[in-house]
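Only the coordinates and a few stated rules stand behind these numbers; no lab work does. Treat the numbers as computed from the prediction; the structure is a model and nothing was measured. Heads up, the Cβs are rebuilt from the backbone with ideal geometry, glycines too, and the neighbour counts pull from every protein chain shown.
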Amino acid sequence: MSSTPMSVNRLELLKFMNSGDLAANGHHTGMTGLIGEPLAVGLILHYLRQKNSNAALISTKVTTGAKRGPRLDAWIDDGNGTLYQTEIKMWGGNAIGGVYLAPDTSHEQLREIGQRQWHRWIWDQENTRFQEALVQKVLTPMQRPAGYDGKRYRVEPLLCLWWLVHPDDTDTSWTTVPLPQGSPFKQVHVFSLTRYLMSLEEDVLHLELPLLEQRFAWLDRIFPDPPSP
């Protein structure tokens, strides 16, 4: 599942999601519903392809195989034999529990804010589990996509959050959190999109966003250009 790369203004994206700009009020829910998950997948691939150019989105159908039950957002192949069953949460700075961040926030402040967000809203340290069922479901084993058998690929859970979160005291965007004995997985990966974007230097990113490309194509069909006078 690939597409022509699309240009994304990194600074404007951070401003829209994190700055509390009054001009963005009332648009977050609608915009996030349209661009959120495709953008998250594009940024995950951007990160993974720094290590292996073959990283790819495999499918957006992630289920246990049953008609009912938990659903996740994407299967992502890292190109190195790991298949990530991925849950995406695009909560912005204006969401309950969110924080507004200035572009010049120091690394030390980012780390402190990220650790506070992780322990206050995401992780239950006492019970070593996620606080919310909507996040905890990332640890439910899902049915592998066709062609990804257990001999060649290992499945690991990936929680992708827009929020700035730091599960430990490192200053990184991707963190691996060990899980207690008896969990379906040995570890869960946590990727903070805000922290990743703030670590980059390019003003404009070129991301593979196949789902967003398809959505924009539908918008063009629904709202065609007016005829020339």
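Observations, loosely collected:
- Hydrodynamic estimate: the Kirkwood radius of the chain over Cα pairs, inserted into Stokes-Einstein at 20 °C and 1.002 mPa s, corresponds to D of 115 µm²/s.
- Treating r as the C-beta distance of residue 53 and residue 21 and R0 as 45 Å, the FRET efficiency rounds to 0.80.
- The GluC sites (Glu not before Pro) found in the range 94-186 that occupy coil by DSSP, while having at most 15 further C-beta atoms within 10 Å, are 126, 132.
- Cβ-based net charge around residue 121, under 11 Å, with every Lys or Arg adding one and every Asp or Glu removing one: +1
- Dmax and Rg, reported as Rg then Dmax, of the range 1-105 (C-alpha, Å): 15.8, 47
- Its residues counted as N, the range 111-176 yields a C-alpha radius of gyration over 2.2 N^0.38 Å of 1.32.
- Isotropic mean projected area of the C-alpha convex hull, the range 1-62 (nm²): 5.4 nm²
- Within the shell of other residues whose beta carbon sits under 15 angstrom from the beta carbon of residue 142, the net charge comes to +2, with Lys and Arg scored +1 and Asp and Glu -1.
- Think of the range 51-155 as having a plus end and a minus end, set by charges on the Cβ of Lys, Arg, Asp and Glu; of 75, 110, 90, 75 sits farthest toward the positive end of this dipole.
- DSSP H segments from the chain that extend 27 Å or more along their own axis, Cα-based, with Kyte-Doolittle mean of -1.0 or above: 28-48
- At 1.002 mPa s and 20 °C, Stokes diffusion of the range 147-187 via Kirkwood alpha-carbon radius, µm² per second: 170 µm²/s
- Net charge contributed by nearby residues that have their C-beta within less than 15 Å of residue 13 (K/R +1, D/E -1): -3
- 20 °C / 1.002 mPa s Stokes-Einstein diffusion coefficient of the range 95-224, Kirkwood radius on C-alpha pairs, µm²/s: 124 µm²/s
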